[in-house]
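The values are calculated or read from the model by the stated rules, or taken from the named source; none is laboratory data. No experiment lies behind these values; they were computed from the predicted model shown. Positions of Cβ are backbone-derived with ideal geometry, glycine not excepted, and every protein chain shown enters the neighbour counts.
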Amino acid sequence: MKKTIIAFVILALLLISLVLWAVNADISGNIQEYLNIAVIVVMVGFALYIGLERLKSLRRKEPIEDELSKKIMTKASSLAFYVSIYLWLFIMYMSDKTTMETHSLIGAGILGMSIIFLLSWLGVKLIGMKNV
């Protein structure tokens, strides 16, 4: 129960900070800003989905995380870790060839890691795990 409430509190804080950033920021309207906002909205939607699934399990008096969901999360996180290593290698290679600032590259890498985790989770959830 506490994990579910904490997830919703963090989600609310993230949405509030996103709205405050949008109000106070000088949005120039380039594609990079729109891409960042789109990725953040997708990740907020993913977190909302996970939180609602946990809440639904809690209401049905089921365990919040059963063995299958833990195994899916573990498999997706390990797959995302290995793919993220290659993402950071690519970012390190591109950092010499681009004029982007360092903090922008780091932010893009973090957002890329979250998208990689989302895609890994979707792949493991939809395709399934092989019994090896």
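Observations on the structure shown:
- Here L48 does not qualify as exposed (fewer than 14 other Cβ atoms within 10 Å of the Cβ) and either of a type in the set (A, V, I, L, M, F, W, C) or modelled with pLDDT under 85 (or both).
- Members of the range 5-32 that are surrounded by 14 or more Cβ atoms within 10 Å (Cβ to Cβ) and not aromatic (F, W, Y): A7, L11, L14, L15, L18
- Scanning the range 26-58 for residues that are within 20 Å of I106 (Cα to Cα) and part of a helix (DSSP H, G or I) yields a total of 14.
- Scanning the range 90-97 finds no residues that are closer than 26 Å to V9 by Cβ and assigned to a helix (DSSP H, G or I).
- Looking across the range 1-39, just one residue is hydrophobic (A, V, I, L, M, F, W, C) and touching a Leu at 6+ places or on another chain (Cβ under 6 Å), and that is V39.
- For the range 64-74, a tally of residues being free of Cβ contacts under 8 Å to residues at least 24 places away in the same chain and not in a helix (DSSP H, G or I) returns 2.
- Scanning the range 54-94 for residues that are loosely packed, with under 13 Cβ neighbours inside 10 Å and small (G, A, S) turns up just one, S78.
- Near pairs, Cβ below 6 angstrom, 6+ apart or cross-chain, from the range 12-40 (without any contact (Cβ under 8 Å) to a residue 12 or more places away in the chain) to any residue that is part of a helix (DSSP H, G or I) and among the aliphatic types (A, V, I, L, M): none
- The residue that is farthest from V124 (Cα to Cα), counting only those in the range 75-86 that are within 15 Å of the chain's Cα centre (by Cα) and without any contact (Cβ under 8 Å) to a residue 40 or more places away in the chain, is S84.
- Residues within the range 1-60 that are hydrophobic (A, V, I, L, M, F, W, C) and farther than 18 Å from M113 by Cβ, tallied: 24
- Taking the conditions (1) in the same structural domain as L35 (by TED's automatic domain parsing); (2) under 15 Å from the mean Cα position of the chain (by Cα); (3) of a type outside the set (D, E, K, R) in turn, I115 satisfies each one other than (1).
- Selected residue (criterion: nearest to the chain's Cα centre (by Cα)) from residues of the range 98-112 that are of a type in the set (V, I, T) and assigned to a helix (DSSP H, G or I): I110
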